[in-house]
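Written out below as structure tokens is the structure these notes cover.
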Amino acid sequence: MAIEIEKPSVGLSKVAVSETHGEDSPYFAGWKAYDENPYNESSNPSGVIQMGLAENQVSFDLLEKYLEEHSEASSWGKGAPGFRENALFQDYHGLKSFRQAMANFMEQIRGGRARFDPDRIVLTAGATAANELLTFILADPGDALLVPTPYYPGFDRDLRWRTGVKIVPIHCDSSNNFQVTPEAMEAAYRCAESMNLKVRGILITNPSNPLGATIQRTVLEQILDFATNKNIHLVSDEIYSGSTFSSSEFISIAEVLETRGYKDSERVHIVYSLSKDLGLPGFRVGTIYSYNDKVVTTARRMSSFTLISSQTQHLLACMLSNKEFSENYIKTNRERLTRRYDMIINGLKTAGIECLKGNAGLFCWMNLSPLLEEPTRESELALWKVILNEVRLNISPGSSCHCSEPGWFRVCFANMSEQTLEVALKRIHKLMEQRRRRN
Amino acid sequence: MRLIVPLQSVVQGRGGLIFGSLIPCALFYFLQLYLKRHRSHNPQSSPPSPTLSSPKLAELTRTSSRSNLFSRGSNGQVRISSRAISIAKPNDSPYYIGLEKASEDPFDRFGNPDGVIQLGLSENRLCFDLIEKWILENLKDSMMGSDDGDLNINGIATYQPFDGTLELKLAMAGFMSHIMGGAVSFEPSQMVLTAGATPAIETLCFCLADQGNAFLVPTPYYPGFDRDVKFRTGVELIPVHCRSTDNFTLSITALDQAFNQTRKHGTKIRGILLSNPANPVGNLLSREMLHAILDFAREKNIHIISDEIFAGSIYGDEEFVSMAEVLDSEGFDKDRVHIVYGLSKDLSLPGFRVGVIYSFNENVLAAARKLTRFSSVSAPTQRILVSMLSDTRFIEEYIKTTKRRVRNMYDLFVAGLKKLNIRCADSSAGLYCWADMSKLISSYSEKGELELWDKLLNVGKINVTPGSACHCIEPGWFRCCFTTIVEEDIPVVMERIQKAVKSTTILSNSS
């Protein structure tokens with residue numbers, strides 16, 4: 001065989017080689033450390049405890065109980081006549097029964113204070129896909145979305161990577177508990193304009209990740225007014241809506257629209273998923289709920305790239321339309337999350353650490369700024385490294401969430417047993433004691 | 001603003017007159033712009049209602065008046081992206097129109113004997129009984145895990161690797177190898193699983209090409225490629241026409257011509273998109289042809305995407321050779337080859353959404369893996385499939401039976417068409433045949449073809465896919481899928497074809 005002459009290797013696209021996936025940031029680096037040395041109560045008690053993953057594991061038993069008692073959900077009924085239709089079903093409208101069940105579930109979560117039309121629900125394989133899909137639809141490459149900080153690190157990838165859309169942050173700070181203000185929104189809009197970027201929408205997460213707090217009604221109204229004024233879209237990612245500690249504190253943008261008689265609602269789109277509230281991220285179930293017909297039509301067609309397995313739709317349709325199950329689940333899940341939250345907040349308090357007052361989510365927003373050498377991002381990352389490598393806890397530094405104030409950290413508490421949480425709190429106590437002694 | 005054009009064209013070529021005419025043109029332009037902007041700001045006096053001008057928007061059923069209150073949305077004045085605007089347009093492709101008509105009024109031998117017979121969807125429904133039986137006997141254990149009867153939702157509820165579990169990759173690797181006659185083995189570490197072959201194709205396009213680049217694709221091709229490749233990536237498809245004289249086999253000369261033409265126009269070609277077995281023709285690429293394509297790709301330094309989704313649907317005697325097999329024997333330069341597969345055709349499970357990207361390029365795999373977060377396979381589905389695919393006895397029986405049944409339907413269907421003097425292209429794979437109805441069309445043109453398609457759909461009440469929807473350069477060819485019906489339906493189909501052909505009316509609602 002002739003000697004092969006070195007030829008230039010075949011090229012890849014800009015998308016493929018770009019760093020926008022963000023997997024080199026500390027947010028993901030911590031995960032690597034965990035993967036290499038994961039905590040295990042018996043076999044590896046000194047390993048890294050994963051507190052950077054917002055996953056809900058507190059209510060698995062409820063799901064298991066349901067599945068055990070309702071085998072028709074995971075099978076297709078006696079004689080499986082439904083199986084054929086199910087296995088062939090790849091219609092991007094999604095199973096009507098599943099959309100109905102999702103609409104009902106979303107209504108239940110909001111205490112019946114908002115209504116959802118199953119025909120406005122578009123199904124996607126996860127909220128990650130839902131957010132990306134909406135971005136494709138609402139903005140062109142080079143356009144911008146405004147997102148309040150601090151925000152979920154995954155947005156940098158989900159909203160920007162393949163879409164070519166930019167994020168312009170709306171800066172929030174602790175002076176008012178990181179709430180969005182009209183001034184901050186205006187400033188962000190002007191900033192985008194000065195960079196010659198066309199702003200196409202504002203994307204909020206309510207309840208907020210990483211803050212772990214719901215957005216107040218007045219603020220929601222201000223955000224909606226701002227969007228209306230600028231004639232842009234409003235995407236409300238309500239993925240944690242079922243993980244609020246009390247049912248009355250969460251106000252959905254749907255409720256605000258209802259009060260306004262759905263005037264100007266065609267700019268509003270809600271994203272939801274079962275990954276957090278139901279603890280089923282592996283199932284890959286997300287939805288877009290849009291009040292805009294064109295967006296619904298387009299999103300449906302685009303969802304061909306991210307359909308939910310019909311088998312999964314069938315299973316969940318059965319489960320979620322069981323009122324007894326869903327009511328009990330929502331209630332019990334809330335109670336358990338509240339319990340966990342109280343446990344971690346009190347534990348941190350006795351260690352001398354303050355957190356933002358939270359009322360939702362699977363995490364708390366912890367203030368370690370008193371521990372920083374200097375109020376800088378570098379100091380925060382240095383502290384983060386210490387916590388990761390010496391205390392062996394993987395928590396998420398505020399800088400990875402684009403927080404403008406250094407020293408804040410997101411700490412997840414629902415992806416582990418209570419015993420593990422105790423161990424984590426003990427380690428934090430130890431760290432704080434060491435620091436006090438040093439001073 | 002369209003008024004401007006004729007004015008400008010009048011003044012072109014007359015240098016002195018240009019300046020004298022440009023200024024009024026410019027003023028006119030600005031006047032129109034002013035008017036347009038102000039028109040869109042007029043507040044609407046009545047509540048917005050959904051526009052029903054497009055048939056697709058009429059899909060949204062409003063069942064109760066109560067629901068109108070909270071579901072009242074509108075197109076409104078807020079802008080959507082240019083990408084979205086083109087996607088929102090009503091579907092004017094016969095491929096999609098036919099599919100819709102068939103699903104609205106589906107034929108049922110007993111329940112709806114006058115309904116539309118679906119021959120436009122390449123799905124295999126001949127072997128469901130086998131899968132159903134397996135599911136009934138094995139589902140509970142396989143779904144929930146059989147740890148002494150303890151339900152184990154933990155394993156499937158939590159975050160899984162986005163590109164698929166190792167168990168499923170192993171099972172898929174084994175299945176793919178089996179399907180392809182054991183001639184090649186697949187490495188799980190080179191596999192990325194996606195929610196169907198549709199996102200597999202799109203993901204590869206995102207990885208291999210930038211917006212504005214292009215892929216060469218032999219015609220006729222699967223209509224879905226226009227969506228999968230172009231919708232969101234901004235990548236173009238350049239057709240490489242194949243002709244009936246070669247039984248629609250790809251020629252390197254045609255590839256070369258298309259490549260050079262496109263380059264002259266300033267568009268960069270990043271790769272070739274092949275379907276092997278071919279859809280809609282159903283023929284196979286020979287070993288020699290695969291080598292030739294590989295050489296061509298090497299020479300131009302471009303990628304090859306080989307969509308082998310019908311690899312397990314071989315009914316003829318010809319041997320299927322995967323691109324992977326050819327690469328094995330070559331031993332080098334595998335970086336440019338990427339294979340797409342899925343379970344929608346061979347295992348009749350399109351609803352479960354399972355697709356595969358198989359690549360020899362580590363960089364492509366790394367990027368594709370990260371992109372699967374947008375289209376992962378659902379965990380409970382992964383679990384069932386691991387069980388099913390690992391049941392080798394079942395899989396063997398299934399593959400054997402499918403082959404036999406598909407072959408049987410193919411023989412009967414093609415014979416039926418032959419009796420009507422309709423011949424089919426030579427094919428040995430797929431779930432369809434490629435029928436030449438050019439003698440039955442009134443004019444040898446796309447118009448004539450679409451007139452026949454319309455008659456077949458609206459008079460004959462059968463949905464077949466016209467060649468123009470597949471970008472075929474010769475009019476009169478139609479793809480007929482025969483695995484969505486049963487033997488008894490074949491005479492009915494033939495009768496209806498005759499009825500449609502004989503009818504002379506052209507319906508007014510033909511699009």
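Okay, here's what the table says:
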| item | result |
| --- | --- |
| Residue in region A:147-157 that is in a loop (DSSP other than H, G, I, E, B), modelled with pLDDT under 95 and within 14 Å of chain B (Cβ to nearest Cβ) present | yes |
| Residues (open to solvent by 30 Å² or more (accessible area, probe 1.4 Å) and over 12 Å from A:L431 (Cβ atoms)) located in region A:371-388 | A:E373, A:E374, A:P375, A:T376, A:R377, A:E378, A:L381, A:A382, A:K385 |
| Any hit, region A:354-370, residues being in contact (Cβ under 8 Å) with a residue 40 or more places away in the chain, open to solvent by 30 Å² or more (accessible area, probe 1.4 Å) and in contact with a Ser or Thr (Cβ under 8 Å, 6 or more places away or on another chain) | yes |
| Qualifying residue in region A:288-308 (condition: open to solvent by less than 10 Å² (accessible area, probe 1.4 Å) and closer than 30 Å to A:P370 by Cβ) | no |
| Matching residues in region A:297-308 - criterion: being under 15 Å from B:N91 (Cα atoms) and of a type outside the set (G, A, S) | A:T297, A:T298, A:R300, A:R301, A:M302 |
| Helices (runs of 4 or more DSSP H) contained in region A:5-72 and holding at least 3 residues out of contact with any strand residue (DSSP E or B) (no Cβ under 7 Å at 6 or more places or on another chain) and touching a residue at least 60 places away in the same chain (Cβ under 8 Å) | A:60-69 |
| Residues located in region A:165-198, provided they are surrounded by fewer than 19 Cβ atoms within 10 Å (Cβ to Cβ) and either of a type in the set (F, W, Y) or on the phi > 0 side of the Ramachandran plot (or both) | A:N177, A:N196 |
| Selection count where residues are open to solvent by less than 10 Å² (accessible area, probe 1.4 Å) and of a type in the set (A, V, I, L, M), scope region A:389-424 | 6 |
| Number of the exception - B:R369 against (1) open to solvent by less than 10 Å² (accessible area, probe 1.4 Å); (2) more than 8 Å from chain A (Cβ to nearest Cβ); (3) within 23 Å of the chain's Cα centre (by Cα); (4) closer than 30 Å to B:D210 by Cβ | (1) |
| Segments classed as helices (runs of 4 or more DSSP H), wholly inside region B:151-257, with at least 3 members that are more than 23 Å from the chain's Cα centre (by Cα) and surrounded by fewer than 24 Cβ atoms within 10 Å (Cβ to Cβ) | B:154-157, B:166-179 |
| Tally, over region B:351-362, of residues that are within 10 Å of another protein chain (Cβ to nearest Cβ), out of contact with any Asp or Glu (no Cβ under 6 Å at 6 or more places or on another chain) and touching a residue at least 24 places away in the same chain (Cβ under 8 Å) | 3 |
| Condition met for A:G242 (within 24 Å of B:D228 (Cα to Cα) and either open to solvent by less than 10 Å² (accessible area, probe 1.4 Å) or at the interface with chain B (Cβ under 7 Å from one of its Cβ atoms) (or both)) | no |
| Pairs, first open to solvent by 40 Å² or more (accessible area, probe 1.4 Å) in region B:74-99, second modelled with pLDDT of 90 or more, C-beta under 7 Å, six or more apart | B:Q77/A:N231; B:S82/A:D140; B:N91/B:I97 |
| Restricting region A:246-275 to residues that are touching a Phe, Trp or Tyr at 6+ places or on another chain (Cβ under 6 Å) and surrounded by 24 or more Cβ atoms within 10 Å (Cβ to Cβ), the residue that is nearest to A:A127 (Cα to Cα) | A:I270 |
| Per-region count, region B:280-309, residues in a loop (DSSP other than H, G, I, E, B), in contact (Cβ under 8 Å) with a residue 60 or more places away in the chain and open to solvent by 10 Å² or more (accessible area, probe 1.4 Å) | 3 |
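Listed here are the residues, each with its yes/no results for (1) within 14 Å of chain A (Cβ to nearest Cβ); (2) outside any helix (DSSP H, G or I).
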{"residue": "B:V321", "(1), (2)": "no, yes"}
{"residue": "B:L347", "(1), (2)": "yes, yes"}
{"residue": "B:P380", "(1), (2)": "yes, no"}
{"residue": "B:R383", "(1), (2)": "yes, no"}
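Here is a yes/no grid of residues against (1) open to solvent by less than 40 Å² (accessible area, probe 1.4 Å); (2) modelled with pLDDT of 95 or more; (3) over 26 Å from B:I153 (Cβ atoms):
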| residue | (1), (2), (3) |
| --- | --- |
| A:E72 | no, no, no |
| A:G77 | yes, no, no |
| A:F105 | yes, yes, no |
| A:I109 | yes, no, no |
| A:L123 | yes, yes, no |
| A:L133 | yes, yes, yes |
| A:L138 | yes, yes, yes |
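The values are calculated or read from the model by the stated rules, or taken from the named source; none is laboratory data. Keep in mind the model is a prediction, meaning the values are calculated, not measured. Here the Cβ is made from the backbone with ideal geometry for all residues, glycine too, and neighbour counts use every protein chain on show. For the accessible areas, the whole protein counts, side chains as well, though only heavy atoms, and no ligand, DNA or RNA atoms are used. Shrake-Rupley method; radii C 1.70, N 1.55, O 1.52, S 1.80 Å.
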